[in-house]
Amino acid sequence: MCILVCGALLFGSRLIVTAPQNIVTVFDFANCYAVPPVVQPCERVAFKTGYLAVVMNAWCGYLFVAVAVWLLWELWSAVAPKPITDDFLKLLDDSFGRSWRRPHSWPWARLGWAYGFTMIGALTAFSLGLIASEVIASSKPARPPTLHVETSERFAPVR
């Protein structure tokens, strides 16, 4: 979910920020190099275009930001605590339940053991990938074999 939210925010903000770069100015230098007397100042801008592309990019960017906000809202409402209606489950929750809103009551040791090994494995795989890519990039490319063809033809003047 985090990848979707961050991707939508980054892509949407990138579209919004780069939208003004779509304006294209067309210059006309025909009147500037005419036979003297040239009217000064010479008007060089013929027309500007690309405003519709700016509007569309900005609109798509705002839609991506709205999707990110919507995903965050859905995530927040999905993890909201639901009331327990079963009596036995209420008894279990009262006996063994934790308040997930208080971080000091979280099972930090279990989280450390569970995600610690995962993090070590991911970092090891990432570093091995980096080392392998550096070794491959730094190795010299193999030279293609040089072909040597022997011929038995002899050229001599015809008598």
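The values are calculated or read from the model by the stated rules, or taken from the named source; none is laboratory data. Remember, predicted model here, so these are calculated numbers, not experimental data. Counting neighbours? That spans all protein chains shown, and the Cβs are built from the backbone with ideal geometry, glycine included. The protein model used for the area step is the full one, side chains on, heavy atoms only, and it has no ligands, DNA or RNA in it. Shrake-Rupley method; radii C 1.70, N 1.55, O 1.52, S 1.80 Å.
A few points about this structure:
- Rough spin-label spacing in nm, given labels placed 7 Å along Cα→Cβ, for W73 and T146: 7.2 nm
- For F64, the solvent-accessible surface computed with a 1.4 Å probe is close to 80 Å², ligands and nucleic acids excluded.
- Less than 5 angstrom separates the built amide H of G50 from those of V24, all sequence-distant by 5 or more or on a different chain.
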